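Colleague: Structure incoming, see below.
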Amino acid sequence: MKVTLEGKKKHFRTVSFEPESNRLILIDQRLLPHTFSLLETTDYRQSALAIQNMTTRGAGAIGATAAYGLAQGCRAFSSKSLTRFATHVQKVFQTLASARPTAVDPFNAMAQVLNAMEPGGTVAEKQELALRAAIQFAEEDVAHCRAIGKWGAELIEEGMTILTHCNAGWLAFVDIGSATAPLYEAQAQGKPFHVLCDETRPRSQGAILTAWELAQQGVPHHIIPDNAAGHYMQRGKIQMVITGADRVLARTGAAANKIGTFTKAVLAKYHRIPFYIAIPLSTIDWETADGFDIPIEERSEEEVLCAWGRPVNDETEKSGGDEKPVQVRVANPSSRALNPGFDVTPAELITGFITPVGILKPDELRSKLGKGAS
Ligand code: MRU
C-alpha cells in the first residue's frame with residue numbers, strides 16, 4: 001500500500017526480500033505511527049528476533065518473515081555437505097518457530113518452504129528452491145488478501161459503520177491486509193462507510209497501526225476505547241464487525257485472534273450484528289481439534305502496567321515528533337498484571353469467514369477448502 005512521506009506517495013510492502021544481499025527488509029512497526037522506518041536483517045537469528053520483538057507482527061507478515069528467514073538461513077550455509085545442511089536447516093527452523101507461538105502462518109509458511117526443498121539434490125539446489133518457495137508464499141499472501149477484498153466488499157453497504165479489532169491490515173500481511181481488504185475495495189468502488197477501530201490495549205495496535213493505515217488510505221474512521229463497542233452496538237451505531245485471525249481451526253471453525261475478539265463476538269451475537277473473520281488460507285490449522293489446544297502467548301506484564309507514546313509538548317511538535325516513544329508507568333506500582341495475547345472465539349459466534357475463495361460458514365471450511373487448497 002502507499003505511504004505518504006514528505007508529501008509524496010510511495011508503495012511499500014510490509015515484508016520484502018533482497019536475494020542479492022540475502023537481506024530481509026521490514027517496516028519497523030514499533031516506531032509507528034510517529035516514525036516510518038525500515039529495518040534490515042542480514043541473518044536468520046535477527047529475522048527471528050524481529051518477529052519476537054514485534055518489529056514485524058500480524059499473522060501474514062510473520063508468516064512471510066519466517067518463510068524468508070528460513071530461506072535466508074539456508075542460503076547462508078556455505079558447505080556442500082547435505083547432512084550438515086539438514087542439521088543447519090533444523091536449527092534455523094527451530095529458531096524461527098520459537099519466536100511467537102499463536103499464529104499458525106509461520107508454521108504453514110515454513111512447511112511450504114521445507115516441502116519445496118525436498119526434491120533438491122544438492123545444497124545449492126535446495127537453497128534456490130527455498131528462496132523460490134519463500135517468494136511464492138509472499139506473493140500468495142498478497143493474492144489472497146486481494147481476493148478477500150473482492151469477496152468482502154460485497155458485504156459492505158453504503159453508509160455502514162464497521163468495527164474492527166487490533167490490526168489485520170496491510171501491516172499484518174505482506175500487503176493489502178485481510179480485515180481491511182474489503183474496506184479498501186469498497187473505498188475503490190466509491191461506497192461511503194465509516195470504520196471504528198478498537199484501541200486494542202495493551203499494545204494498542206488498533207489505535208496505533210490500523211488508524212495510521214486507514215489515515216494513509218483516506219478511510220474515514222474513529223478510534224474507540226476497547227470497552228465502548230457494546231455501547232455503540234446497543235445504540236445501533238455498528239452494522240458489522242470484521243476482524244482477522246491468527247489461527248482458524250478447520251475442524252471446528254474456532255478462531256484465535258487478538259485478546260478481546262471473543263468479547264466483541266459475544267456482544268455482536270447479543271445485538272444480532274454480523275461478525276466476520278477475514279483470513280488467507282495460510283491462517284488455517286488443519287490438525288488441531290480443540291480451541292483450548294491453541295497455544296496462547298503470554299506476554300510481559302509491562303505492556304499492561306505501562307503505556308508508550310510520544311510526549312505532547314512544543315519541543316516534540318518542533319522536532320516533527322521523530323524521536324523514540326517514551327514509556328510511562330500507568331498502573332499502581334506494587335500491582336502485578338496478567339497479559340494473554342490472544343483469545344479463542346467459538347464457531348457459533350462467527351457469521352462467516354471471508355476467504356480468498358469466497359465467504360464460508362465455519363462448518364464449510366473443511367468441506368469447501370480441503371487440506372492444502374490454495
Ligand atoms: O500480536 P499481534 O499484533 O501480532 O497480533 C496479531 C493481530 O494483529 C491480530 O490478532 C490480527 O487480527 C490477526 S493478524 C492478521
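Rundown of residues vs (1) assigned to a helix (DSSP H, G or I); (2) within 17 Å of VAL241 (Cα to Cα); (3) away from the ligand (no atom under 16 Å from the Cβ); (4) not polar (S, T, N, Q), yes/no style:
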site: ALA116; (1), (2), (3), (4): yes, no, yes, yes
site: GLY120; (1), (2), (3), (4): no, no, yes, yes
site: GLU125; (1), (2), (3), (4): yes, no, yes, yes
site: ALA130; (1), (2), (3), (4): yes, no, yes, yes
site: VAL142; (1), (2), (3), (4): yes, no, no, yes
site: ARG146; (1), (2), (3), (4): yes, no, no, yes
site: ILE162; (1), (2), (3), (4): no, yes, no, yes
site: ALA179; (1), (2), (3), (4): no, yes, no, yes
site: GLU185; (1), (2), (3), (4): yes, yes, yes, yes
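Colleague: Return the pair list, or none, for Cβ contacts closer than 7 Å from residues in the range 230-257 that are surrounded by fewer than 24 Cβ atoms within 10 Å (Cβ to Cβ) to residues that are among the polar types (S, T, N, Q) and not in a loop (DSSP other than H, G, I, E, B), at least 6 apart or on different chains.
Modeller: Here the result reads LYS237/THR161; GLN239/THR161, each pair linking the range 230-257 to a residue that is among the polar types (S, T, N, Q) and not in a loop (DSSP other than H, G, I, E, B).
Colleague: If GLY206 satisfies every condition in (1) part of a helix (DSSP H, G or I); (2) farther than 19 Å from GLY60 by Cα; (3) not basic (Lys, Arg) but one, which is the exception?
Modeller: (2)
Colleague: Let me ask something additional. Suppose we filter the range 325-374 for residues that are closer than 21 Å to ASN167 by Cα and part of a loop (DSSP other than H, G, I, E, B); how many remain?
Modeller: So the answer is 7.
Colleague: Which residues, taken from the range 176-198, are surrounded by fewer than 24 Cβ atoms within 10 Å (Cβ to Cβ) and within 19 Å of GLU140 (Cβ to Cβ)?
Modeller: Result: TYR184, GLU185.
Colleague: Of all residues being touching a helix residue (DSSP H, G or I) at 6+ places or on another chain (Cβ under 6 Å) and within 15 Å of the ligand (Cβ to nearest atom) in the range 37-51, which is farthest from THR4 (Cα to Cα)? Just the residue, please.
Modeller: ALA48
Colleague: If I filter the range 143-160 down to residues being in contact (Cβ under 8 Å) with a residue 40 or more places away in the chain and among the aliphatic types (A, V, I, L, M), which single residue comes out as farthest from TYR276 (Cα to Cα)?
Modeller: The selected residue is ALA143.
Colleague: Continuing with this model, one more query. Of the conditions (1) surrounded by 14 or more Cβ atoms within 10 Å (Cβ to Cβ); (2) not assigned by TED's automatic domain parsing to the domain that holds VAL174, ALA265 fails just one. Which one is it?
Modeller: (2)
Colleague: So the check is Cβ under 6 Å with 6+ separation or different chains; which pairs have a first residue in the range 345-369 that's outside the structural domain of THR261 (by TED's automatic domain parsing) and a second one that's polar (S, T, N, Q) and part of a loop (DSSP other than H, G, I, E, B)?
Modeller: Qualifying pairs under 6 Å: none.
Colleague: Being free of Cβ contacts under 8 Å to residues at least 24 places away in the same chain, surrounded by 15 or more Cβ atoms within 10 Å (Cβ to Cβ) and within 23 Å of ASP246 (Cβ to Cβ), is that true of even one residue in the range 29-40?
Modeller: Yes, that holds for at least one residue.
Colleague: Could you go through the range 226-248 and let me know if any residue there is hydroxyl-bearing (Ser, Thr, Tyr) and part of a loop (DSSP other than H, G, I, E, B).
Modeller: No, the conditions are met nowhere in the range 226-248.
Colleague: While we're on this one: Among the residues of the range 5-39, what is the count of those that are assigned to a loop (DSSP other than H, G, I, E, B), farther than 13 Å from ILE51 by Cα and touching a Lys or Arg at 6+ places or on another chain (Cβ under 7 Å)?
Modeller: 2
Colleague: Among the residues that make up the range 192-206, is at least one of them away from the ligand (no atom under 15 Å from the Cβ), out of contact with any strand residue (DSSP E or B) (no Cβ under 9 Å at 6 or more places or on another chain) and not basic (Lys, Arg)?
Modeller: Yes, the conditions are met somewhere in the range 192-206.
Colleague: Shifting gears a bit: Of the residues in the range 52-86, how many are within 11 Å of the ligand (Cβ to nearest atom) and among the hydrophobic types (A, V, I, L, M, F, W, C)?
Modeller: Number satisfying all stated conditions: 4.
The values are calculated or read from the model by the stated rules, or taken from the named source; none is laboratory data. A quick note: this is a predicted structure, and the numbers were derived from the prediction, not measured. Positions of Cβ are generated from backbone atoms using ideal geometry, with glycine treated the same way; all protein chains shown enter the neighbour counts.
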